[in-house]
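The values are calculated or read from the model by the stated rules, or taken from the named source; none is laboratory data. Here the structure is a predicted model, which is why all the values come from computation and not from measurement. Cβ coordinates were reconstructed from backbone atoms using ideal geometry, including for glycine residues, and neighbour counts include every protein chain displayed. Accessible surface areas use protein heavy atoms only, side chains included; no ligands, DNA or RNA. Shrake-Rupley method; radii C 1.70, N 1.55, O 1.52, S 1.80 Å.
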Amino acid sequence: QVQLVESGGGLVQAGGSLRLSCLASGGIFSSNPMGWYRQAPGRQRELVATITSEGRATYADSVKGRFTIGRDNAKNTVYLQMNSLKPEDTAVYYCYTDRWGNIYWGQGTQVTVSS
């Protein structure tokens, strides 16, 4: 069974940094795009960042210049380095992978940025 487990969330002050990690299991994911999205109360779900198997990354305008997505195919992991955090970054962050049209995601990790 495919399973994604996120970690690294927490409480941080505005301007601080967090590094989120996602470990995938139950298959080989080196050929699959992966990424992160977030959901906050009162806001629509937002795709934060994506990364291809070759390492090509895309970002939402709201996080460009502050967040960096990366992956380690040998370890079946994807991470999200979040710098210069803002209160509006507060959300539950979910890791996902697209396995040829089959979408899998994790349970999410809470990120709270205080002002």
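Which of the chymotrypsin sites (Phe, Trp or Tyr not before Pro) found in the range 53-115 are loop residues per DSSP with 14 or fewer other Cβ atoms within 10 Å of their Cβ?
Sparse-neighbourhood loop chymotrypsin sites (Phe, Trp or Tyr not before Pro): Trp100.
With +1 on each Lys and Arg Cβ and -1 on each Asp and Glu Cβ, how big is the dipole of the chain about its Cα centre, in debye rounded to the nearest 20?
For the chain, the charge dipole is close to 60 debye.
Taking N as the number of residues in the range 21-78, what is its alpha-carbon radius of gyration divided by 2.2 N^0.38 Å?
The range 21-78 yields a ratio of 1.20.
What is the gain in length, in nm to one decimal, between Lys86 and Arg43 on full extension, counting 0.36 nm per residue of separation less the C-alpha to C-alpha distance?
14.0 nm
If you average 1/r across every pair of different Cα atoms in the chain and take the reciprocal, what Kirkwood value do you get, in Å?
14.0 Å
Arrange the residues Leu18, Leu11, Leu23, Leu80 by how much accessible surface each exposes, largest first, with a 1.4 angstrom probe.
Leu11, Leu23, Leu18, Leu80
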